[in-house]
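Novice: The structure follows.
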Amino acid sequence: MSRSRELIFAGVAAVLIVLYLGLAVRVGPAFLPPSSPTPTPTKPVTLVTLPPGVSVNVSGTIAFALRGDVYVLSGKGYVPLTSDGRSHQPSISADGRTVFFSRIEEIDGKRTVDGQVVPAHLRFSNVVSRGSDGGSETILVNGLVRSADGFHVVTWFDSPTVSPDRTRVAVVADDGHGYSDLWLFDALTGKQMPALSQGSNLADPSWSPDGKTIAVTSYTLGNPRLLLVPADGRASTPVTTPAGEPYRASYSPDGAWLVYTLRHEGKNDLHAVQMGTTAKDIALTDDGASWNGVFSPDGKQMAFLREKDGVIDLYSMDLSDALTGGSPKNAIKLTRGEGIDGASRPAWGA
């Protein structure tokens, strides 16, 4: 088991009793703030309207995960896009029309143990795409392959993230050999492209706006750090951040900033670091219970997760002039305490 999934298991278990344990073991790393869980409302199955006045402040489409399903927020509310209880880690195309996500699957198969063929319950995940307005699904990448000897080969594909031009999907792949590497697939055919790492422990891919770089969280050396991985296979470069454990970075629309979560003294807060030689770093929250931030398509807002009284909700924040010396405005809660999947980063498309 890679360090990234050990950390996420521990963090998620401390935050939400409603998260499925099987999901928590397999998703990318999240250092979630500790808290005692409280009862949550019924899981929504139809449209949930936003509070009055909120809809005018949220433009575009936000995809997020809630208790094992992917939801889409746009217009006046949010609705479930899936209903299987096994879907998580959504990303969304730049135009907001297509959502990509991981879905956990399982079968009864067989494996070799101490030289003997024995029955085995095999679990894996597929990469699935679906229109943000519903419609049919497409299994883009299948985590189950039958080998020539009749055995099943399974792979976990986590955190699928579509490139800005919608031609490639970056995923973290774990084929059971103790590594989580960064792989690329054709977004239309699902054909595998050259891998961008080998023998690493990576998580949380996020494309730069020009499609040339992928920001990831690296656990290869132990403690988390942010890396910028060129999509053409060249050597990666680290991102300088303040003391603590940085993870799950996302680019601003102009590529000038990375928003990321910094775990410090057992707390989680959102920071933005400026790309380039200055490496200016700005704290965007100080409540100690905010993480998984993403920029809006126009770069003026940020969607993120925040925990309060043991319940995780989706919030938005007007960054105003926070990146130019001012302060961000107060955060607005977008969901109604139903229990957001704290291990899944939201995604915001046009």
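Novice: With angles folded into 0 to 90 degrees, how steeply does helix 3-15 sit against the dominant principal axis of the chain? Use alpha carbons for both and round to 10.
Specialist: Its long axis makes an angle of about 60 degrees.
Novice: Could you tell me the accessible area of Thr46 in Å² (1.4 Å probe, neighbours in place), rounded to the nearest ten?
Specialist: 90 Å²
Novice: Taking 7 Å along the Cα-to-C-beta vector as the label spot, tell me the Asp114-Phe151 distance in nanometres, rounded to one decimal.
Specialist: So the label points at Asp114 and Phe151 sit 1.7 nm apart.
Novice: Students often check this: by mean Cβ neighbours within 10 Å, which of 202-215, 279-292 ranks highest, and how do the rest follow?
Specialist: 202-215, 279-292
Novice: Under a GNM of the chain (C-alpha, springs under 10 Å), which listed residue has the highest mean-square fluctuation: Thr49, Thr155, Thr324?
Specialist: Maximum fluctuation in the GNM of the chain, among the listed residues, is at Thr324.
Novice: How much of the accessible area of the stretch 245-332, in percent, comes from carbon and sulfur atoms when a 1.4 Å probe is used?
Specialist: Heavy-atom surface of the stretch 245-332 belonging to carbon and sulfur, 1.4 Å probe: 45 percent.
Novice: Might you work out the accessible area of Phe185 for me, using a 1.4 Å probe with all protein chains in place, and round it to the nearest 10 Å²?
Specialist: In the full protein context, Phe185 sits at about 10 Å².
Novice: Another question about this same structure. Keeping all protein chains in place, calculate the accessible area per residue for the stretch 137-237 (probe 1.4 angstrom), answer in Å².
Specialist: About 45 Å² of surface per residue is accessible.
Novice: Given that just one value was derived from the coordinates, which of [x] 21.7; [y] 20.7; [z] 20.1 is Kirkwood radius over Cα pairs in Å?
Specialist: [z]
Novice: Beyond 24 Å between alpha-carbons counts as too far, so tell me which of Lys43/Lys76; Lys212/Lys267; Lys212/Lys280; Lys76/Lys267 fall in that bin.
Specialist: Violating the 24 Å Cα-Cα cut-off are Lys212/Lys267; Lys76/Lys267.
Novice: How much accessible surface area, in Å² rounded to 10, belongs to the heavy atoms of Asp254 with a 1.4 Å probe?
Specialist: Answer for Asp254: close to 110 Å² accessible.
The values are calculated or read from the model by the stated rules, or taken from the named source; none is laboratory data. Small disclaimer: the values here were computed from a predicted structure and weren't measured. All Cβ positions, glycine included, derive from the backbone under ideal geometry; neighbour counts span all protein chains shown. Surface accessibility is based on the protein's heavy atoms, side chains included, excluding ligands, DNA and RNA. Shrake-Rupley method; radii C 1.70, N 1.55, O 1.52, S 1.80 Å.
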